[in-house]
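Notes for the one structure printed next.
Only the coordinates and a few stated rules stand behind these numbers; no lab work does. Source: prediction; values computed, not measured. In this analysis, Cβ positions are derived from the backbone assuming ideal geometry, glycine residues included, and neighbour counts consider all displayed protein chains.
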Amino acid sequence: MIIIPKWFCIFVTNNSKLNFMKFLFLAISMLLMAACCNNHQESCDNKKTEVVLPEGEFTYNLPCRVVHINPDKPGKAIVWLWLHGGVRDYKKHDFFEFNHLDCCDADEIILKYLKDNGIKAIALFPVCHKANNPEPVTWIDCYDDVKHIINDYVNKGLVDTKRIYVTGSSDGGRGTWDYAEHHPEMFAAAIAMSCSEPRKVDIPIYFFGTSDETDCSEEIARLIEQGVNVKYKYCLEYKHGGDAAECTPELLQEFFSYTK
């Protein structure tokens, strides 16, 4: 039932038919606008994500998706950092849509493992903001910004600083090697996937290659001779990113057991 307000009746009485039609058009437009707003809100509600914005007044220099895993558990959280691929391939990044940048499902596998095993964690999915640069870039260019994000949580006392981990695939895998090589003081262990360029690092690192990359077995053998704690598998049966299947519960249990 439509209730016609008194002021509307007075308006109709005191104005011409033309003005009445104008007003009627305006009223219908307003009703349609309200309906659209309601529909939009319902649409937004249906697209709620698990993203939790950072606690406190943190200021980031690059976009970062933050997921609090098992936040109600007592104690401090571990930090798990995922570096996306496609840094040199994509010109634009949507703040909350990151899967289109990834070539594998390892991030979702690891996320599920942490949830299912009741591990309290802060998962950080930064976006390489320099990826908008048409020139080739690497994750190492963004390290100071990524460290800033991690330190925000460390300084607030939320993090077990002995259990900070870095993982990544493709360009993110190269970034993982870079972070492990140049900033071993930050991370307890690393997983680099679907990339090449292994090198000497001072933290435990898991390395998966696929048929799209060159088999690095000889390089890895030399690194092991130098005392590098690296576990390597060349996944010839997989194409780029398919080595995500190697992130088994057993491997992840071992990976997240490392501490500084």
In nm, spacing of pseudo-spin labels at Lys260 and Asn155 (7 Å Cα→C-beta vector): 1.6 nm
Roughly speaking, what is the stretch gain from Asp72 to Arg222, that is 0.36 nm per residue apart minus the C-alpha to C-alpha distance, in nm to one decimal? 49.5 nm
Please sort 193-202, 70-79 by packing, taking for each peptide the average over its residues of neighbouring beta carbons within 10 angstrom, highest first. 193-202, 70-79
Taking every pair of distinct Cα atoms and averaging 1/r, then inverting, what Kirkwood hydrodynamic radius in Å comes out for the range 131-260? 15.3 Å
Take every DSSP beta bridge whose two residues both sit in the range 64-255, then give the antiparallel share in percent to the nearest 5. 20 percent
